[in-house]
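Written below as structure tokens is the structure these notes are about.
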Amino acid sequence: MLMKNNQSSEDYLESILLLSRENEFVHRVDVARKIGVSQPAVQKAIKILQAENYVGCDGMHIYLTPKGAEYAESIYERHCTLKQFLQLLGVPEHDAEKDACETEHVISESTFKAIKNFVTKNK
């Protein structure tokens, strides 16, 4: 879907997904705050994501396209599963959250499936 190992783009998509679950409208300033970047950085990223048909904008609001929503959901699933996996191993929640956020972008699909299977069996 998206370029392999493109952590920045994936972080934007995941953030837009989570913000859209919290608020009716997602604004650039909200994304900037959530990710911890400047609004010009958000503007640049949004243009790239629009060109790839992952997001759309209607003036002030940002929304995920169906393609973007599907991809963002898959990223978020990876994040949640990896966090659960690390916590099952005894990693403290704060560290599990941080490590899942990094790891979700780089593990292979086969490794993720094995971890997901493990988490499902050990909940």
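The values are calculated or read from the model by the stated rules, or taken from the named source; none is laboratory data. Just so it is clear, the model here is predicted, and its values are computed rather than measured. In this analysis, Cβ positions are derived from the backbone assuming ideal geometry, glycine residues included, and neighbour counts consider all displayed protein chains. Each accessible area value is taken on the protein alone, full model and side chains, heavy atoms only, with ligands, DNA and RNA left out. Shrake-Rupley method; radii C 1.70, N 1.55, O 1.52, S 1.80 Å.
List of remarks:
- Listed by chain and number, the aspartates and glutamates whose C-alpha is less than 18 Å from the C-alpha of Lys83, apart from same-chain residues fewer than 8 away, are Glu10, Asp11, Glu14, Glu73, Glu93, Asp95, Glu97, Asp99, Glu102, Glu104, Glu109.
- Solvent-accessible surface of the chain, taken per residue with a 1.4 Å probe and all protein chains present: 58 Å².
- For the stretch 100-109, 3J(HN,Hα) per residue [Karplus equation, 6.51 cos²θ - 1.76 cosθ + 1.60, θ = phi - 60°, Hz, x = Gly/Pro]: 5, 4, 7, 6, 4, 8, 10, 7, 6, 5
- Restraint check, Lys44/Lys116; Lys34/Lys123; Lys44/Lys113; Lys44/Lys121, Cα-Cα greater than 31 Å: Lys44/Lys116; Lys44/Lys113; Lys44/Lys121
- Computed label-point distance, nm, for sites Ala51 and Ser38 using a 7 Å Cα→Cβ extension: 2.0
- Modelled spin-label separation between Leu18 and Glu97, with each label point placed 7 Å from Cα along the Cα-to-Cβ direction: 0.8 nm.
- Look at (i) 1.00; (ii) 0.91; (iii) 1.38: the one that is Rg/Rh (Cα atoms, Kirkwood Rh) derived from this structure is (i).
- Square roots of 5 times each gyration tensor eigenvalue, C-alpha, the stretch 17-79, largest first, Å: 17, 14, 12
- Under the combined filter of DSSP loop state and at most 13 neighbouring Cβ atoms within 10 Å, the stretch 1-78 retains these GluC sites (Glu not before Pro): Glu24.
- Fluctuation leader among Leu18, Leu49, Leu88 - the chain, Gaussian network, Cα springs under 10 angstrom: Leu88
- Mean residue ellipticity (222 nm) of the chain, computed from DSSP H runs ≥ 4 via -39,500 (n - 2.57), nearest 500: -22000 deg cm²/dmol
- Label-point gap, in nm, between Phe25 and Glu109 - each point 7 angstrom along Cα→Cβ: 3.8
- Cut-off under 5 Å, modelled amide H: who pairs with His61 long-range: none
- The chain, dipole about Cα centre (Lys/Arg Cβ +1, Asp/Glu Cβ -1), debye to the nearest 20: 160
- Over the chain, Cα pairs under 8 Å with separation of 6+ residues give a relative contact order of 24 percent.
- Karplus-based coupling profile of the stretch 88-94, in residue order and whole Hz: 4, 7, x, 6, x, 3, 4, with θ = phi - 60° in 6.51 cos²θ - 1.76 cosθ + 1.60 and x standing for Gly or Pro.
- Accessible-area composition of the stretch 52-123, carbon plus sulfur, in percent [1.4 Å probe]: 55
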